[in-house]
């Protein structure tokens, strides 16, 4: 059923849903909430716990005052709480509240309760009339990812309706597996995932859906691997002098880890079989120079090489770096840059250079795989941060040549126990050391009382000509009262810091051209502070950025915080990372302090694996390699292991999945769009 078959959804609203890749009711039912809000019963101020989201009943006492500070409006009033005590309420850039709220009226306020200077305070809390709050009390309400013009409430209504009218197909997972693993039926899991009766039913529903996601992925992985065993090398290469001369001319020496991996790459390219290799290494471990050496070896053997980056900014940075290296060391390469922003005239010229073979190194984004791009003799494909590309995109690029060599680079450190399951027979190289001249990032884990001190430190770094990242988990103010969001945070920061400091916002809901402009401006030093979501986790290299502050750090996995930290410490200056936590709980601070103790991504990923359990549902979803819809390779490592064991068992019993027991599973596997993994390289 199309989304327009639902009551109240016309063409205009359907267009908004389409921005979220939702065109059918099936799409809608698998568009799961990114989080949930539990509306607890209101408590007295005495019962309430600081540093937590809570609901308190009371009435407005005294005047509602609005003042202006550097363009920022601050509205404040006092709430006289039921049961005694008072609560200071503060709102930023919401001056209309002065006219819409009435003194003496009873409200229920729900927000993040803090204690400042002996007083209880709530900022940007939601206000409800008692009867309005009563309808939600005691329930877990879904929070969906939204887009401009489409509210969480609209999506929630559409999902409720879809659950009523949809006919669910029979469960494709054999009953024997469900019983053995204590998994609930699929329909129940989908319903509970959207509107859970309790936290317990939500945990059970999520476990079932994550198990399915991992099982389908691993089954596809195992079957695809059989098609890629020992593919003959159609582009035989020999060792060339040019790579050795470049290594001698470089102003630095490769680390031992880099030398080991470079030897493995050379061995692959000169062997009888096609290279399928993944390089795992922290940011700054030197993956890019290995990619450039591989391209040089390919070109020196008379072939073309291509390198695809996830963003235009990063593609351009690779192009500039390679072009500078070509000029400085007189390399026999002719690089071109092809992105979505390339003009039609320039694009036509580049197409001709690629087809004739004049351009022998092609750098770019997904524009490299368009039908109009015809390669002369493409032999090597390098993808940077492979998890940012869909399967078809990378397959299309690889298929521009015939069984080309594939080199994949990832800065996401995955513990070996998981890598064996997730990558199968793909050859894995690990860069586990940083260049000797790289200064380690200095870290600190603090609570929100440190924020003003952090701002003063940022001003000092900016005065010295440096730049700053501030990471927020949300795009704009929404249901999650305790989480900082990019839009309102940027507005507040502009009111706090001097006008001479240039501040800009960046998030995933912006149009690609707008995101590129902002990232380019930051890379060029025109922006001092970039307030962003995790969209900057990959795709930008700014050596001049020396400070990163992550708000709500307690809501991220350790591995992702380490990934974010990799955006600083790329230049010669000392860099700093401030992990700001709204929770002062000892266990939260102890977990975050692991980042203080180590800059080793593999060690941190292993710690993340130990510390995050299946019940930890409400953190910001882990990003990085292998992005699943619901599953998280760190949080759900035990489920991943179980799914892997079942996949092996199923395929040993019935390799083709032709038996009656697995017929429904086989059919579902054929119709599934498995996640962003390049199966042809595994």
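Output the residue which, of all residues in the stretch 434-463 that are modelled with pLDDT under 90 and over 21 Å from residue 591 (Cα atoms), is nearest to the chain's Cα centre (by Cα).
Ranking the candidates gives 434 first.
Identify, please: which residue in the stretch 354-387 is in a helix (DSSP H, G or I) and buried (at least 23 other Cβ atoms within 10 Å of the Cβ) and is, among those, modelled with the highest pLDDT? Explain how you work it out, then say what you get.
Here is the first cut: in the stretch 354-387, the ones in a helix (DSSP H, G or I) are 354-356, 366-369, 386-387.
Now narrow it down to the ones that are buried (at least 23 other Cβ atoms within 10 Å of the Cβ): 354, 368, 386.
Numbers: 354: 95, 368: 82, 386: 51.
Per the criteria, the residue is 354.
Scan 257, 321, 315, 306 and give me the residue that is within 34 Å of the chain's Cα centre (by Cα), crowded, with 22+ Cβ neighbours inside 10 Å and part of a helix (DSSP H, G or I).
Numbers: 257 fails: crowded, with 22+ Cβ neighbours inside 10 Å; 321 fails: crowded, with 22+ Cβ neighbours inside 10 Å; 306 fails: part of a helix (DSSP H, G or I).
Answer to the check: 315.
Using the structure shown, decide if residue 133 is in a helix (DSSP H, G or I), closer than 17 Å to residue 56 by Cα and in contact (Cβ under 8 Å) with a residue 12 or more places away in the chain.
yes
Just to be sure before I move on: is residue 115 within 25 Å of residue 474 (Cβ to Cβ), surrounded by fewer than 15 Cβ atoms within 10 Å (Cβ to Cβ), in contact (Cβ under 8 Å) with a residue 24 or more places away in the chain and not assigned by TED's automatic domain parsing to the domain that holds residue 450 in the structure I sent?
So residue 115 fits the description; yes.
Got a number for residues in the stretch 289-303 being surrounded by fewer than 21 Cβ atoms within 10 Å (Cβ to Cβ) and in contact with a strand residue (DSSP E or B) (Cβ under 8 Å, 6 or more places away or on another chain)?
So the count comes out to 1.
Every residue in the stretch 53-86 that is assigned to a strand (DSSP E or B) and within 37 Å of the chain's Cα centre (by Cα), please.
Those that are assigned to a strand (DSSP E or B) and within 37 Å of the chain's Cα centre (by Cα): 53, 54, 55, 56, 68, 69, 72, 73, 74, 75, 76.
Every residue in the stretch 167-181 that is under 16 Å from residue 213 (Cα atoms) and free of Cβ contacts under 8 Å to residues at least 60 places away in the same chain, please.
178
Looking only at the stretch 8-33, filter to residues that are touching a residue at least 24 places away in the same chain (Cβ under 8 Å) and surrounded by fewer than 17 Cβ atoms within 10 Å (Cβ to Cβ); which one of those is farthest from the chain's Cα centre (by Cα)?
Residue satisfying both the conditions and the ranking: 8.
Conditions tested, residue by residue: (1) in a helix (DSSP H, G or I); (2) at negative phi; (3) at pLDDT 90 or above; (4) in the same structural domain as residue 316 (by TED's automatic domain parsing).
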| site | (1), (2), (3), (4) |
| --- | --- |
| 539 | no, no, no, no |
| 554 | yes, yes, no, no |
| 560 | yes, yes, no, no |
| 574 | no, yes, yes, no |
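If residue 192 satisfies every condition in (1) surrounded by fewer than 19 Cβ atoms within 10 Å (Cβ to Cβ); (2) within 25 Å of residue 40 (Cβ to Cβ); (3) without any contact (Cβ under 8 Å) to a residue 24 or more places away in the chain but one, which is the exception?
Among (1) surrounded by fewer than 19 Cβ atoms within 10 Å (Cβ to Cβ); (2) within 25 Å of residue 40 (Cβ to Cβ); (3) without any contact (Cβ under 8 Å) to a residue 24 or more places away in the chain, residue 192 violates only (1).
Given the conditions (1) over 20 Å from the mean Cα position of the chain (by Cα); (2) buried (at least 20 other Cβ atoms within 10 Å of the Cβ); (3) farther than 30 Å from residue 111 by Cα, and given that residue 529 satisfies all but one, which numbered condition is not satisfied?
Every listed condition holds for residue 529 apart from (3).
So is residue 475 surrounded by 19 or more Cβ atoms within 10 Å (Cβ to Cβ) and within 22 Å of residue 125 (Cβ to Cβ) or not?
yes
Would you call residue 45 at pLDDT 90 or above and within 25 Å of the chain's Cα centre (by Cα)?
Values: at pLDDT 90 or above: yes; within 25 Å of the chain's Cα centre (by Cα): no.
The answer is no for residue 45.
If you check residue 237 against the conditions, is it in contact with a helix residue (DSSP H, G or I) (Cβ under 8 Å, 6 or more places away or on another chain), under 27 Å from residue 640 (Cα atoms) and buried (at least 16 other Cβ atoms within 10 Å of the Cβ)?
When the stated conditions are applied, residue 237 does not pass them.
When you look at residue 633, is it surrounded by 20 or more Cβ atoms within 10 Å (Cβ to Cβ), modelled with pLDDT under 90 and more than 11 Å from residue 211 (Cα to Cα), yes or no?
Yes: the conditions hold for residue 633.
The values are calculated or read from the model by the stated rules, or taken from the named source; none is laboratory data. Quantities reported herein were computed from a predicted structural model and do not represent experimental measurements. Every residue, glycine as well, gets a Cβ built from its backbone with ideal geometry; the counts of neighbours run over all protein chains shown.
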